Amino acid sequence: MNPTIGIAVILTVLQAAHCQMIRDLSACLLGQSLRVDCRYENKTSNPLTYEFSITKDNRKHVIHSTISVAENIYRNRANVTLHKNLVCLYLQSFTTSDEGVYMCELKATNDYTGNQIKNITVIKDKLEKCAGFSLLIQNTSWLLLLLLSLPLLQAVDFVSL
């Protein structure tokens with residue numbers, strides 16, 4: 001085997017390994033809707049596929065997915081938004097009948113290490129309300145910029161006195 005080809009194969013295998021990893025799964029109430037945030041670390045530019053499902057009565061029900069087909073009872077109530085390193089499920093008109101174990105499953109295209117899966121138990125009476133600025137926190141660069149500019153703002157105030 002040509003050494004150049006061998007190195008290319010090793011690099012390809014290393015790049016495919018652990019392309020994404022679910023870091024956190026959380027749930028909160030946003031008005032009458034349930035929001036499930038699936039935060040992940042993605043180490044590749046490969047497209048991401050996802051599936052949100054719920055387990056009730058020992059049966060898995062697909063809510064929203066790019067991997068398989070969602071069940072009819074969730075199609076008109078569920079939508080998903082994708083942000084950098086965050087996939088959010090919104091389930092409208094959330095009631096106690098929607099309680100159960102929610103699952104987020106992620107897979108990057110050409111990731112041969114398997115799907116990443118994380119579960120969270122959702123009980124309506126135990127859910128906290130979603131923070132209004134939680135999506136801003138996901139991308140903390142604005143916060144870092146603000147903190148770094150505080151000394152400059154203080155210097156401007158001092159000069160103007």
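The values are calculated or read from the model by the stated rules, or taken from the named source; none is laboratory data. Here the structure is a predicted model, which means the values were calculated and not measured. Cβ: placed from backbone, ideal geometry, glycine included. Neighbour counts: every protein chain shown. Ligands, DNA and RNA are stripped out before the accessible areas are found, and what is left, the full protein with its side chains, is counted by its heavy atoms. Shrake-Rupley method; radii C 1.70, N 1.55, O 1.52, S 1.80 Å.
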Count of region 11-37 residues which are β-branched (Val, Ile, Thr) and at pLDDT 95 or above | 1
The residue from Leu30, Leu25, Leu34 that alone is of a type outside the set (Gly, Ala, Ser) and open to solvent by 50 Å² or more (accessible area, probe 1.4 Å) is Leu30
Residues of region 97-125 that turn out to be in a loop (DSSP other than H, G, I, E, B) and at positive phi, as a count = 2
Going by the conditions given, is Ser68 of a type in the set (Ser, Thr, Tyr) and either at pLDDT below 85 or open to solvent by 70 Å² or more (accessible area, probe 1.4 Å) (or both)?
-> no
Open to solvent by 20 Å² or more (accessible area, probe 1.4 Å), at positive phi and at pLDDT 85 or above - does that describe any residue in region 45-55?
-> no
Is there a residue in region 73-96 that is open to solvent by 30 Å² or more (accessible area, probe 1.4 Å), part of a loop (DSSP other than H, G, I, E, B), aliphatic (A, V, I, L, M) and farther than 19 Å from Ser26 by Cα?
-> no
In region 97-113, anything open to solvent by less than 40 Å² (accessible area, probe 1.4 Å) and either more than 17 Å from the chain's Cα centre (by Cα) or under 23 Å from Gly31 (Cα atoms) (or both) is listed as Asp98, Gly100, Tyr102, Met103, Cys104, Asp111
Please find, among Val80, Val36, Val69, the residue that is of a type in the set (A, V, I, L, M, F, W, C) and free of Cβ contacts under 8 Å to residues at least 24 places away in the same chain.
-> Val69
